[in-house]
Amino acid sequence: MSASPGKPAVCLLASEVAPLSKTGGLADVAGALAKYLHAGGHDVRLFTPLYASIDRAALGARPVAGLTDVPLVLGQQRYEFSVLGATLPGAAVPVYLIDCPALYARASLYTADPDEHLRFIAFTRAALTACQQTGFRPDILHCNDWHTAFAPLYLRTGLGRDGVFAATRTVLTIHNIGYQGIFPAAEVADLALPPADAYLLHQADLAAGRINALRHGILYADAITTVSPTHAHEICTPEYGMGLEADLRARGAALSGILNGVDYDEWDPRRDRFLPVHYGPQRLAGKAELKRRFLARTRLTTAPEVPLAGIVSRLAAQKGIELMFEALPKVLAARPLAVAALGSGEAKYEQFFAGLVSAFPGRVSFEAGYDEAQSHWIEAASDLFLMPSRYEPCGLNQMYSLRYGTVPVVRRTGGLADSVEHYDAASGRGTGVVFNDFDGPALEWALDTALDLNAQPAQWAQLQRNGMSQDFSWERRTGEYVALYRRLSGA
Ligand code: ADP
């Protein structure tokens, strides 16, 4: 039974949470979903590891009674963890930080260390222990990605028969199916499963010598979501399912897609805290002013009228940077265009952008790294925004771009397909330029189409207005999660 009728109590497990820790979209979703559930009157409690990069003193984090130096044995390993309570900055959401320096005091959130699976099995177990110890009876246990995907399995064991979890239903959200948390079967003892529950493990994987964390979440969660309706269909196919398509298809209607929302407190050109000038659909002069200042800041020497294409991305194969290898030099050579890129990742992509800067002096800027302020500047100053992703579960920057009057040029996949509509000049409908094929010529076509539209001021203004009037707010998306929670819990 939930404390408030119609408002299921939610235990949210996330390996990263904005603004405490972030490498990608999961952090934004966890932070925003918690914030809006809390604002809607739900008892939502967020659990996340206390990484070395999180400033516990600034958060005012305090030990939770009965949860100091709790022993945890996983296979041959013995850990001690403590739980610190705080509230999420900018929201009053209770957040529980799992403190275990042996596991989380590393140089980055995620590692390639041999105990990576143990870091997140320990996190999951510690969070479940914290619910028991504090008497928190969640109606919904919402886990995210491979890191916490063993939680539904644990609730099928004796742990799940504990009073606090007796009525708990589980949701797994897949933010990125490309990361599955695979580790050797020889390390099965690290799960600390009672022998009687070992049958719950995926036997074919075990026989093949591996354990796949995400697969167990798919097998045992009461509901599975991914972060866009199109991606929910895509991951049931071999092209996008990354080997998990058969398990996903087998879950049938338990799988659905809920598009991520945008935190417009952070991402709105009318009040963006990173920008010295603000603008909105009625005051686009501010955008032109920001572009002028941005060109100067980044030492781009193109005239302000020359279209500027922005890129903010992890530089990984998923993001379709290969297509830019072919298309960008061609289009830059053929027509007036400037490019501002920000991103870090694989060396070959960083080298490509560095090479583009040298090949087109004064027309291309590239910052290798992660830079929040610069990402806001690029959104505001650019005319177009490029996301030619190979796959994109949801994607956030295309939705930010719409709000900033920056026309997204995207491939028709996942959340890009669900949030950007190809512009039709005849009817004046649509919000961006959308291409289908994952190849260089398709991106080149899309860039040419966008630049042709940009040369027609009335069409461009219509396209910008259409995008700026879209609403991808979390208020709306949270309602979809609440509807799912209610269906599952009967609350
Ligand atoms: P993914 O989670 O696959 O990286 P999303 O589009 O869902 O992709 O989320 C990416 C988030 O990370 C966005 O908020 C984006 O602005 C931000 N981001 C990505 N790379 C950088 C960077 N180099 N600097 C600043 N922000 C970045």
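The values are calculated or read from the model by the stated rules, or taken from the named source; none is laboratory data. This structure is a prediction, so every number in the text was calculated from the model and none was measured. Counting neighbours? That spans all protein chains shown, and the Cβs are built from the backbone with ideal geometry, glycine included.
One table, with the values for the structure above:
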| item | result |
| --- | --- |
| Single residue of the stretch 293-312 satisfying the filter (among the small types (G, A, S) and surrounded by fewer than 23 Cβ atoms within 10 Å (Cβ to Cβ)) that is nearest to the ligand (Cβ to nearest atom) | A296 |
| Residue within the stretch 261-279 that is surrounded by fewer than 21 Cβ atoms within 10 Å (Cβ to Cβ), touching a helix residue (DSSP H, G or I) at 6+ places or on another chain (Cβ under 8 Å) and outside any loop (DSSP other than H, G, I, E, B) present | no |
| Pair list, Cβ < 6 Å and 6+ apart or interchain, from the stretch 367-391 residues that are in contact (Cβ under 8 Å) with a residue 24 or more places away in the chain and among the polar types (S, T, N, Q) to residues that are part of a helix (DSSP H, G or I) and within 13 Å of the ligand (Cβ to nearest atom) | S389/K319 |
| P361 being assigned to a loop (DSSP other than H, G, I, E, B) and closer than 30 Å to R270 by Cβ | no |
| Of residues in the stretch 166-218 being β-branched (V, I, T) and under 20 Å from Q77 (Cα atoms), the one nearest to the chain's Cα centre (by Cα) | I182 |
| Out of L50, L26, sole residue that is within 16 Å of the ligand (Cβ to nearest atom), among the aliphatic types (A, V, I, L, M), under 22 Å from A107 (Cα atoms) and surrounded by 14 or more Cβ atoms within 10 Å (Cβ to Cβ) | L26 |
| Enumeration of residues in the stretch 406-418 that are assigned to a strand (DSSP E or B) and within 12 Å of the ligand (Cβ to nearest atom) | P408, V410 |
| Residue check, R403 touching a residue at least 24 places away in the same chain (Cβ under 8 Å) and either within 16 Å of the ligand (Cβ to nearest atom) or crowded, with 22+ Cβ neighbours inside 10 Å (or both) | yes |
| Pair list, Cβ < 6 Å and 6+ apart or interchain, from the stretch 254-265 residues that are of a type in the set (G, A, S) to residues that are in a loop (DSSP other than H, G, I, E, B) | G257/S228; G261/F472 |
| Test: residue in the stretch 28-46 that is free of Cβ contacts under 8 Å to residues at least 24 places away in the same chain and of a type outside the set (A, V, I, L, M, F, W, C) | no |
| Residue check for S365: among the polar types (S, T, N, Q), more than 9 Å from the ligand (Cβ to nearest atom) and surrounded by fewer than 20 Cβ atoms within 10 Å (Cβ to Cβ) | no |
| Hits in the stretch 323-346 - residues which are surrounded by fewer than 24 Cβ atoms within 10 Å (Cβ to Cβ) and more than 16 Å from the ligand (Cβ to nearest atom) | F325, E326, A327, P329, K330, V331, L332, A333, A334, R335, P336, L337 |
| When residues of the stretch 381-398 are limited to those that are over 21 Å from the mean Cα position of the chain (by Cα) and over 21 Å from D439 (Cα atoms), the one farthest from the ligand (Cβ to nearest atom) | D383 |
| Subset of the stretch 132-145 (residues that are crowded, with 23+ Cβ neighbours inside 10 Å and not in a loop (DSSP other than H, G, I, E, B)) | I140, L141, H142, C143, N144 |
| The stretch 237-260 - residue that is charged (D, E, K, R) and touching a helix residue (DSSP H, G or I) at 6+ places or on another chain (Cβ under 8 Å) and, of those, farthest from H142 (Cα to Cα) | E245 |
| Those residues of the stretch 406-416 which are farther than 17 Å from V312 by Cα and crowded, with 22+ Cβ neighbours inside 10 Å, in sequence order | T413, G414 |
| From L20, L33, L109, L72, residue being aliphatic (A, V, I, L, M), within 16 Å of the ligand (Cβ to nearest atom) and surrounded by fewer than 22 Cβ atoms within 10 Å (Cβ to Cβ) | L109 |
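Residues are listed down the side, and each one gets a yes or a no for (1) part of a helix (DSSP H, G or I); (2) assigned by TED's automatic domain parsing to the domain that holds C394; (3) under 21 Å from the mean Cα position of the chain (by Cα):
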{"site": "V17", "(1), (2), (3)": "no, no, yes"}
{"site": "T23", "(1), (2), (3)": "no, no, yes"}
{"site": "G31", "(1), (2), (3)": "yes, no, yes"}
{"site": "H38", "(1), (2), (3)": "yes, no, yes"}
{"site": "G41", "(1), (2), (3)": "no, no, no"}
{"site": "Y51", "(1), (2), (3)": "no, no, yes"}
{"site": "A58", "(1), (2), (3)": "yes, no, no"}
{"site": "R78", "(1), (2), (3)": "no, no, no"}
{"site": "Y96", "(1), (2), (3)": "no, no, yes"}
